[in-house]
1. Can you give the FRET efficiency to the nearest 0.05 for His225 and Ala191, using r as the Cβ-Cβ distance and R₀ = 22 Å?
2. Taking R0 as 45 Å, what's the FRET efficiency between Val48 and Glu268 from their Cβ-Cβ distance, rounded to 0.05?
3. Taking the Cα-to-Cβ direction at Lys279 and at Asp234 and moving 7 Å from each Cα, how far apart do the two end points lie in nm?
4. Pairs Lys156/Lys256; Lys239/Lys280; Lys239/Lys279; Lys179/Lys239; Lys156/Lys239: which exceed 25 Å Cα-Cα?
5. Roughly speaking, what is the stretch gain from Leu31 to Lys293, that is 0.36 nm per residue apart minus the C-alpha to C-alpha distance, in nm to one decimal?
6. Take peptides 57-69, 104-116 and line them up by average Cβ neighbours within 10 Å, highest first, as a rough protection proxy.
Amino acid sequence: MSANGLASRIQQFLDPTERLMAGMQSPFQRLAQQMQDILGDRGILKEVIQAGEGPPVPRDASVSIHFSAYLEYSDQPFETTSHLKYPRMMKLGRDVTLYGLELGLLSMRKGEFSRFLFLPRYAYGEIGCPPLIPLGHRAVREQNTVPLSTVLNVVKTQRCFGNRCFSQSRYADAKDRYKQALTLLKNREPANEEEGRSIAAMQLPIFLNLSLTLLRLEKPLKALHYGQRALEVDPQNTKALFRCGQACLEMDDYEKARDFLLMAQANEPFNNDINNTLKKFASCYKDFMDKEKEMCSKMFPDFHVTLKK
């Protein structure tokens, strides 16, 4: 029994606000006090039980790990590899499906034994995976407790994973990786103007990657959104102008498509991709006008205009 007379198992049925007012902490809250925040948003906490050796796990590594995963107030793991003598090899960026676990592995070294604590958004999300994984709990308040360089390195890793997925035509996976990278940057409040510029500089290529990926997924409206986000960072960015022009062309918004594409061409007059897209625009616009004329002639077959001098 705890000091206040309630067993920890009974505490799980109390509302979190009631626990806070009573001065009680849940088991995971107590555990979190001794753990390191590896991202800076309290989303992934780590405690090294036994240190490893050598450099950290590289982003393109294949790893073999033993693990046991627990829910709060549970004495038995809901998933474990303890019954396996030789766990299977897993390729980072492909086989590890738990986002937080992959980021945690990148902080580990060979032979290391560590304990991690994940918030729902780095594990199974707020909706969980019932009945095995119940609904997620409320997220704790974001904090900046690690250097920005650490966050940027994790973001770079996520972008590299996204680029690899894109090169393999796994566009949906690439989109998820890019959005995860943006979430990390969004959760980071810049401490000064220099940090703000560093975050914006990191966001720009991810916005461009996302815009192109969404074009591949045939979602031009969303592609336009991220192209415009890139223009907010760099109003004269040629790739951003080009992506916006492509998106507008896909949506048959010919006026905006022409404007974006001509601005992109003004920056790079000899860019083959831009020039070829402008040729496509001219062809599509001609077809559109021809159809408009044909439709008008069918609507008003007897309407003629005679020009008199």
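1. Values: r = 28 Å, r/R0 = 1.28.
According to the calculation, E is roughly 0.20.
2. Values: r = 50 Å, r/R0 = 1.10.
E between Val48 and Glu268, to the nearest 0.05, is 0.35.
3. Result for the modelled spin labels: 2.7 nm.
4. On the way: Lys156/Lys256 33 Å; Lys239/Lys280 18 Å; Lys239/Lys279 18 Å; Lys179/Lys239 19 Å; Lys156/Lys239 20 Å.
Over 25 Å Cα-Cα: Lys156/Lys256.
5. On the way: separation 262, 0.36 × 262 = 94.32 nm, distance 7.19 nm.
Residue separation times 0.36 nm, minus the Cα-Cα distance, leaves 87.1 nm.
6. On the way: 57-69: 14.5, 104-116: 17.1.
Going from most to least packed, we get 104-116, 57-69.
Bear in mind that the values in this text are calculations on the coordinates, not laboratory data. All values derive from a computational prediction rather than experimental measurement. Note that each Cβ is placed from the backbone with ideal geometry, even for glycine, and that neighbours are counted across all protein chains shown.
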